[in-house]
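Here it is, the structure in full.
The values are calculated or read from the model by the stated rules, or taken from the named source; none is laboratory data. Given the structure is predicted, the values throughout are model-derived calculations rather than measurements. Note that we place each Cβ from the backbone using ideal geometry, even for glycine, and neighbour counts take in every protein chain shown. The area values use the complete protein model at the heavy-atom level, side chains included, leaving out ligands, DNA and RNA. Shrake-Rupley method; radii C 1.70, N 1.55, O 1.52, S 1.80 Å.
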Amino acid sequence: MLIVGELINTSRKAISEAVEGKNAQHIQQVAREQLEAGANYIDVNCGNKVFNEVEYMKWLVTTIQEAVQAPLCIDSPNPLALEAGLSLAKYGTPMINSITDEGPRFEAILPLVLKYKAKVVALCMDDHGMPETAADRMRVVDSLYGKLTAAGVKDDNIYFDPLVKPVSSVQTAGVEVLETIKLIKQNYPKVHFMCGLSNVSYGLPNRKVLNRLFVAQTMTLGMDGYILNPTDKSMMGVIYAGSTLLGKDDYCMGYLKAHRKGLYEE
């Protein structure tokens, strides 16, 4: 299970203010807290700072790495910002979030994947827009998988994002994602998965309940990566317990560690 800590994102007010004020102490504390809570990667996203994104990306990556020696997920729609972050990332294998099957974006991002030997989140979206059904998603998956592997990207470095939509607006959104995971697992058993699953509960009350249940459902079908808040103890508790019940936790060590950290206290 690969957890990408989502909290260093300038769409969050506190992070935006810290970046604009060059408050390194705050950014570094958030990075440390995520790593200590169980994150494997730290997401770095300043995509809403359109006019200063490259500069802010460089500052964020440098600042984070002064505090933690963790691999980074460089998260941006801007290829220039992606390269700025990747060029400075120095711990572990970096991750790019994301590539799509949209012609111009694919052509801009693929060279970065190859240059930096990065893991890549492959989002199920193409020039036709956002797919509705599992079959539509698989059309994109088949195309992306073929192009990425033909270019030399290894299965182990591909993380498919099945594109989670809110069930509040599309009743079958959750089911279509589950079916997509199942089909990807059947057809491409060596690839991985990654998603920001909280979209599924957007617009509804008690969102954490839906998010936790959706984690359990997706894990059962093979989901092995999430972009989330690792300091959410209840969510992390579900992930550790789920891994144990699915036989992916040797000697229940992850579950016991979670217990000792107090993730299951009432």
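Counting residues in the chain as N, plug N into 2.2 N^0.38 Å and put the Cα Rg over that result. Can you show the working numbers first?
On the way: Rg = 17.9 Å, N = 266, 2.2 N^0.38 = 18.4 Å.
Scaled against compact globular proteins, the figure is 0.98.
Another question, then. How large is the charge dipole for the chain, taken about the Cα centre, if only the Cβ atoms of Lys, Arg (+1) and Asp, Glu (-1) carry charge, to the nearest 20 debye? Please report the intermediate quantities before stating the final value.
Details: 27 positive and 30 negative charges, 97 e Å.
Dipole of the chain, to the nearest 20 debye: 460 debye.
Also: List the trypsin sites (Lys or Arg not before Pro) within the stretch 221-263 that fall in a DSSP loop (any state other than H, G, I, E or B) and whose Cβ has at most 12 other Cβ atoms within 10 Å.
Those that pass, being in a loop and sparsely packed, are Lys248.
Continuing with the same structure: How high is the relative contact order of the chain, in percent, with contacts defined as C-alpha pairs under 8 Å that are six or more residues apart?
Details: 453 pairs, mean separation 42.2, N = 266.
RCO, the chain: 16 percent.
Roughly how many debye, to the nearest 20, is the charge dipole of the stretch 166-242 about its Cα centre, given +1 on each Lys and Arg Cβ, -1 on each Asp and Glu Cβ, and no other charges? Write down the numbers at each step before the final one.
Details: 7 positive and 4 negative charges, 28 e Å.
Once rounded to the nearest 20, the dipole reads 140 debye.
Students often forget the sequence filter, so: which lysines lie under 16 Å Cα-Cα from Lys257 once same-chain residues fewer than 8 apart are removed?
Lys233, Lys248
Please say if the stretch 116-266 is rounded, prolate or oblate, where rounded means a/c under 1.5 for a ≥ b ≥ c the square roots of the C-alpha gyration tensor eigenvalues, and otherwise the choice is prolate for a/b larger than b/c and oblate otherwise?
Values: a/c = 2.22, a/b = 1.35, b/c = 1.64.
Because a/c hits 1.5 or more and a/b fails to exceed b/c, the stretch 116-266 counts as oblate.
Please list the non-local residues whose amide H lies under 5 Å from the amide H of Phe193, H modeled 1.01 Å from N, same-chain partners needing a gap of 5 or more.
Phe160, Asp224, Gly225
Next question. May I ask you to rank Ser198, Ser11 by accessible area, largest first, using a 1.4 Å probe over the protein chains only? Can you show the working numbers first?
Numbers: Ser198 50, Ser11 85 Å².
Per-residue accessible area, sorted high to low, gives Ser11, Ser198.
Have a look at Gln217, Gln28, Gln171 and tell me which one the Gaussian network model of the chain (Cα, springs below 10 Å) gives the largest fluctuation.
So, out of Gln217, Gln28, Gln171, the one fluctuating most is Gln171.
Tell me which residues come under 5 Å, amide H to amide H, from Cys73 once H is placed; ignore anything under 5 positions away on its chain.
Ile42, Asp43, Val44, Met95
Moving to a separate point now. When the chain is modelled as a GNM with alpha-carbon springs shorter than 10 Å, which of Cys252, Cys73, Cys46 fluctuates the most?
Cys252
For a Förster distance of 22 Å, can you work out the FRET efficiency between the beta-carbons of Lys208 and Ala14, rounded to the nearest 0.05? Let's see the in-between values first.
Values: r = 20 Å, r/R0 = 0.90.
Efficiency, from the Cβ-Cβ distance: 0.65.
For Val50 and Thr220, what does the FRET efficiency come to when R0 = 41 Å and r is the distance between their Cβ atoms, rounded to the nearest 0.05? Provide the component values of the computation, followed by the final result.
On the way: r = 39 Å, r/R0 = 0.96.
Taking R0 as 41 Å, the efficiency between Val50 and Thr220 is 0.55.
Using a/c under 1.5 as the rounded threshold, could you call the stretch 207-260 rounded, prolate or oblate? The axes a ≥ b ≥ c are square roots of the C-alpha gyration tensor eigenvalues, and prolate needs a/b larger than b/c, oblate otherwise. If you can, show how the numbers build up before the last one.
Working: a/c = 2.03, a/b = 1.25, b/c = 1.62.
In terms of gyration-tensor shape, oblate.
For the stretch 32-67, list residues with backbone N below 16 Å from a point placed 7 Å from the Cα of Arg260 toward its Cβ?
Inside the label zone: 36-38.
Could you check the simple spin-label distance between Gln29 and Ser87, using points 7 Å along Cα→Cβ, in nm with one decimal?
Placing both labels 7 Å beyond Cα along the Cβ direction yields 3.2 nm.
Here's something else I'd like to know. Using unit Cβ charges (K, R positive; D, E negative) and no other charged atoms, how large, in debye to the nearest 20, is the dipole of the stretch 111-159 about its Cα centre?
On the way: 7 positive and 7 negative charges, 71 e Å.
Around 340 debye, computed over the stretch 111-159.
Moving on to the next point. Between Leu256, Leu35, Leu60, where does the largest GNM mean-square fluctuation fall for the chain, given springs only between Cα atoms within less than 10 Å?
For the chain, modelled as a Gaussian network with Cα springs under 10 Å, the answer is Leu256.
Rounded to the nearest 10 Å², what accessible area does Lys165 have for a 1.4 Å probe in the complete protein model?
Lys165 has an accessible surface of roughly 20 Å² with all protein chains in place.
Then there's this: Cross-link list Lys22/Lys185; Lys147/Lys208; Lys115/Lys190: which exceed 31 angstrom alpha carbon to alpha carbon?
Values: Lys22/Lys185 43 Å; Lys147/Lys208 37 Å; Lys115/Lys190 22 Å.
Going by Cα-Cα distance, Lys22/Lys185; Lys147/Lys208 fall outside the 31 Å limit.
When the helix-only estimate is applied to the chain (DSSP H runs of n ≥ 4, each -39,500 (n - 2.57), divided by the residue count), what is the mean residue ellipticity at 222 nm, nearest 500 deg cm²/dmol? Walk me through the numbers before you get to the answer.
Numbers: 10 runs with 126 residues, N = 266.
The per-residue figure over the chain is -15000 deg cm²/dmol.
Name the residue farthest towards the positive end of the dipole of the chain from the options Leu228, Ala31, Met95, assuming +1 on Cβ of Lys and Arg, -1 on Cβ of Asp and Glu, about the Cα centre.
Ala31
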